[in-house]
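Notes to accompany the following structure.
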C-alpha cells in the first residue's frame, strides 16, 4: 500500500520533463525534414536574387559611368576659358567665322563624340545674331539664342538648379526618348554672370544597351524617374507589368522579386523584376512535400503538447505570476510534483532573502554616496586653499602686507561660508555670496584685472543646492581662461528658471577652449591632464551633480559668439 501513498502520487518532475523532451525530439525530427526543404528553397531564392543583384549592379555602374562622362563633358566645356572668351566676343562682335570656331572648339572633344548624340548651347545675346531653337534643331550641334528656349520647362528647371546638372527625359522634341542633361553656363571670371545654358543629349536607347546583356528568363527591367514614370516606352518587362510597375511596386513586391538601384540623379532607378513563381518553379515538388510534412507535424505537435503541457504549465505559470508581483507563493495543493513544490518553497525563501538584501544594499548605497559626496566636497577646499596660500606667499615676499592681510581676511570669510555648519546643501543666495568672496580674493591676486557680473532674477529663487558648484567653474575661467591675457577678464554668473528646471551658467571672455573636449572630459571619472593643464574642477562639479541629482542634473560647455566659453548647469526642480 505504500506504493500508492502520497509520495507515489507525487511523481518526479524529472519524469514529466523526460516525457515532454521525447515529444520535442519527435517533433524536431519532423521539423528537420521541413528545414532541409526550406533551405533548398531559400538557397534557390538567394542564388537567383544574387544573380539578379549582380547583373543590375553592373548595369547601374555602366549607366552611371556613361552619365558621369556626360557630366565630365559639361564640366570640361564650362571650364574651357578659350570657348568662353569666344562666346563673349561673339556677343560683342557677331560673325559667322567666329561662330564656326566656337563649334570646332565645342564639338571636337572625344567625350562628345563617344557618349553624346547632340549638344546645344543657348547663349544670352543682345543682337539676336544666333538662330532660334526649334523641334527641327534637336539633333543640331550648335549655338542658339537663349530667348528661344527660355520659356521651356526644362530651361526654367535648369536655372532653378543653380549650377547643378538638371536631368530629364524628352519624350516629345526628339524622335526617340532622349536623356538630356542641362546646366547653367557661368562666366568663370565672374561667377555671378550667366552666359547661357548648355544641354547635352543622348538617346535612352544607348543607356538601355547597358542592360542588353542581362538575361532574366521570364523577367525584365525598367528605368523609372523620381515620379515613378517609365523613362522609356519599350521597357524589357512583361506586358502585364509594364503599366503597373511604376505606381504599384508595393503590391508587386508580394508576388514578385524587385531589385532596385539608384541611377543618374535623385529618385531615378533601374528596376529588375521576376515572379516568385519562376524562382520556385524548380523546387515546386519540394515545397509541396514541405507543406504536407509541416501540416502533419503541426497536428501531431499540437495534440502531444496540449496533453502534456497542462501538467507542467499551470503551477509554473502561477509561480511566474507571483514572481512578477514579487509576492509570496502559496504552494499548498499546487501540484503533485515534489520538485515543483520545492521550487515554490525555495522561491518564498529567496524572496525573503532578497528583500533583506535590497534593504541592505539601499542602506550601503546611501552611505557610499554620502561618503563619496563628502570626499569630493573635501577635495575642493584644499585645491583652492593651495592656490590662495601661494598668492599670499607671493604678496608677503614682495612686502605687500596690506593686500596679503586683505587676502587672508577674504580667505577666512570664504572658508567660513564653505563650511556651512557641516551641511552639503546651501541656499542659492549663499552660493552667490561665496563666489563673490572668492572673486574678491582673486582680484587681489591679479591686481583687479577680474570683474564679476551677476545676472540674477529679482527676487532670487529660494532653492537649496549642493555647495561649491559655481566657484570651481569661476576658478577654471580665471586660472585657464584668462591665463596670459592682457585684457580685463570678465566673469558673468546667470541664474534663470523655467517651469521645470533651474539653470545656472558661468560665462567668461577668455581665450576659449575645445568645447567638444570639455564636454567629453566632464563625464570622465578619472582625472585628466593635458599639457600640464588639470581639468579637475569641472570633473569634480559634474561628479557631485551626478551623485546628488542623478539624471535630473547636468553640466555642459558651449562657445560664446564673442569669445570665451560658458558652463551651463541644469537642475530639475523636482529634486530641489
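Pop a pseudo-label 7 angstrom from the Cα along the beta-carbon direction at both residue 524 and residue 394 and give the gap in nm to one decimal.
In this crude spin-label approximation the distance works out to 2.7 nm.
Which order do the peptides 342-352, 449-459 take when ranked by the mean count of other beta-carbon atoms within 10 Å per residue, highest first?
Values: 342-352: 14.5, 449-459: 12.4.
Going by the mean number of other Cβ atoms within 10 Å, highest first, we get 342-352, 449-459.
Which FRET efficiency value, to the nearest 0.05, is calculated for residue 79 and residue 455 with the Förster distance at 60 angstrom and r the Cβ-Cβ distance?
Working: r = 55 Å, r/R0 = 0.92.
Efficiency, from the Cβ-Cβ distance: 0.65.
What is the gain in length, in nm to one decimal, between residue 415 and residue 89 on full extension, counting 0.36 nm per residue of separation less the C-alpha to C-alpha distance? Please list the in-between numbers first.
On the way: separation 326, 0.36 × 326 = 117.36 nm, distance 8.31 nm.
Full extension from residue 415 to residue 89 adds 109.0 nm.
Could you give the length gained on full extension between residue 511 and residue 536, defined as 0.36 nm per residue of separation minus the Cα-Cα distance, in nm?
Separation in residues times 0.36 nm, less the Cα-Cα distance, equals 7.1 nm.
Go ahead and run the numbers for FRET between residue 356 and residue 551, Cβ-Cβ distance against an R0 of 25 Å, rounding to 0.05.
On the way: r = 28 Å, r/R0 = 1.13.
Working from the Cβ atoms, E equals 0.35.
What FRET efficiency would be calculated for the residue pair residue 161, residue 45, taking the C-beta separation as r and a Förster radius of 56 Å, to the nearest 0.05? Walk me through the intermediate numbers first.
Values: r = 42 Å, r/R0 = 0.74.
Efficiency computed from Cβ-Cβ geometry: 0.85.
Note down the nm distance, to one decimal, between modelled labels 7 Å out along Cα→Cβ at residue 462 and at residue 24.
In this crude label model, residue 462 to residue 24 measures out at 6.6 nm.
What is the distance, in nm, between label points placed 7 Å from the Cα along the Cα-to-Cβ direction at residue 296 and at residue 575?
6.4 nm
Bear in mind that the values in this text are calculations on the coordinates, not laboratory data. Quick caveat, the model's predicted, so the values are computed rather than measured. Cβ: placed from backbone, ideal geometry, glycine included. Neighbour counts: every protein chain shown.
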